[in-house]
1. Roughly how many debye, to the nearest 20, is the charge dipole of the chain about its Cα centre, given +1 on each Lys and Arg Cβ, -1 on each Asp and Glu Cβ, and no other charges?
2. Over region 182-230, what is the relative contact order in whole percent, taking alpha-carbon pairs under 8 Å and six or more residues apart?
3. Once the other residues with Cβ under 15 Å from the Cβ of Arg382 are scored (Lys, Arg +1; Asp, Glu -1), what is the net sum?
4. Based on the alpha-carbon set only, what is the convex hull volume of region 303-368 divided per residue, in Å³?
5. What ranking do Arg244, Arg113 get, fewest neighbouring Cβ atoms within 10 angstrom at the top?
6. When the chain is fully extended, how far beyond the present Cα-Cα distance does Ala416 get from Val442, taking 0.36 nm per residue of separation?
7. Going by how many other Cβ atoms sit within 10 Å of their own, how do Phe148, Phe341, Phe241 line up, fewest first?
8. Ser185: net charge of surrounding residues, Cβ under 10 Å, Lys/Arg +1, Asp/Glu -1, itself excluded?
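No value in this document is a laboratory result; all are computed from the given coordinates. Since the model is a prediction, treat every value here as computed from it, not as a measurement. As a convention, Cβ positions derive from the backbone with ideal geometry for all residues, glycine included, and neighbour counts pool all protein chains shown.
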Amino acid sequence: MVILDVAIVNVALPSIKSDLGFSRTGLQWVITAYAILFGGALLLGGRLADLLGRRRMFVAGLAVFALSSLLCGFAWSSGSLIEFRALQGLGGALLAPAALSLLMTTFAEGRERNLALGIYGAASGSGAAAGVLLGGVLTSYFGWSWIFFLNVPVGAVAIALAPFLLRESRAELAHRHFDVAGATSVTGGLMLLVYALTRATSDGWTSPVTVGLLGGAAALVAAFLAIESRSRSPLLPLRIFRLRALTAANVTMAIVGAVTFSEFFLLTLYVQDVLHYSAVQSGVAFSAFALAVVVTSNIAQVVVGRAGVRATLTGGLALAIASIALLVRLPVDGHYFWDLFPAFVLGGAGMGFSFVPVTIASLAGVERADAGVASGLVNTSRQIGGAIGLAAISTVAASATSSYANAHALAVSSAAATVNGFQTSFVVLGGLLVAALVVAGVFLRPAREQLAEEAEPAQLQEAA
């Protein structure tokens, strides 16, 4: 439901923009408001799941998500929709880490957990596939409000089934304290950062407002790190970053999130504003991307078992880079099967072969007591990376579009200027994926080294 919500909203963005009077730069806040509250509160949500009960927080998150979805459907202005989307993000922040930590504590590390994460990844892909298809159908025939109303019965059914299908679990800790100061500082810092990036689109990067906001965000994040280093019950225990695989996986996930959020945003505008696809046609077009995720996510857990996390992840990132390379060449008069379909299939396959191994790496070696916070951290990396990436790429696209229009004496809204902005943005996204490939290749261990390290304790015990 959470993944479906992101995909389904992307398809409906042009209709929402028209009905509620959003500006082009303001439209991204329909996605960003959700992502910031989601990403900002995920660490707190993960720790609350560890302390108060993972099933309990899963149900609480479902309830908030369903209620806020109902309110989104009844939104009467751009401001009200943004506010309700933020509340929806808070519900997701309680729900997502509880779900992943329940999975982590149910299945032992190794083959069982890898298989479960493959199914988890396929479920995410299924949500994306259903989102793009349902988004087109509901927006065209019932109105965009129904993309939010759809979550209400899904949430109600899941809440009713949770007590019968899920076992309660919580961390065995000597304390039950909440790091309110840490949660406040990191949420405020991340929100301020993305707001600064958004303001930079209209005010410029060197304007006093932008510089002041960026400085405030940096100060809050620095305060968060100081608080965590001294807290007896930190929101994010900094010791978990000693796990090299976890650190590399979260950096990679942040980049993948930035690319994915931005790519879907740009491509939605391309097919509807440039190629003039209807909402239904857009949904059908994106299904190739989403279905490729479903198929490859199921295959990825098998590949990880044989080739290892690093080989699978670098292969997935290479496929994603190939997809972006095709999108850099998007023309004004593009044809779906020649210009989009191959890129969609490669991009979906790249995501499937990236998401599963990077999630496995982010949870490898983590103690059960930290299951919630580790789950919250990897979700935070994806969501905050996506929010920051979307804000930055929106700025890049707008700047490139304006420069091209001025240089060729065209209107900023012309198709040629718009496509040039998209092409420039895809070049930047390709560079980010290359950086992720380097991080994964350098900091994640090959399969043979990991097997040797896992076997060493057993050999020492046997010798003793």
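1. So the magnitude is around 500 debye.
2. Values: 45 pairs, mean separation 24.5, N = 49.
For region 182-230, the relative contact order is 50 percent.
3. Every neighbour counted, the sum reads -2.
4. It is 87 Å³ per residue.
5. Fewest-to-most Cβ neighbours within 10 Å comes out as Arg244, Arg113.
6. Values: separation 26, 0.36 × 26 = 9.36 nm, distance 3.97 nm.
Extending this stretch completely gives an extra 5.4 nm.
7. On the way: Phe148 26, Phe341 15, Phe241 12.
The fewest-first ordering by Cβ neighbours comes to Phe241, Phe341, Phe148.
8. With Lys, Arg at +1 and Asp, Glu at -1, the net is -2.
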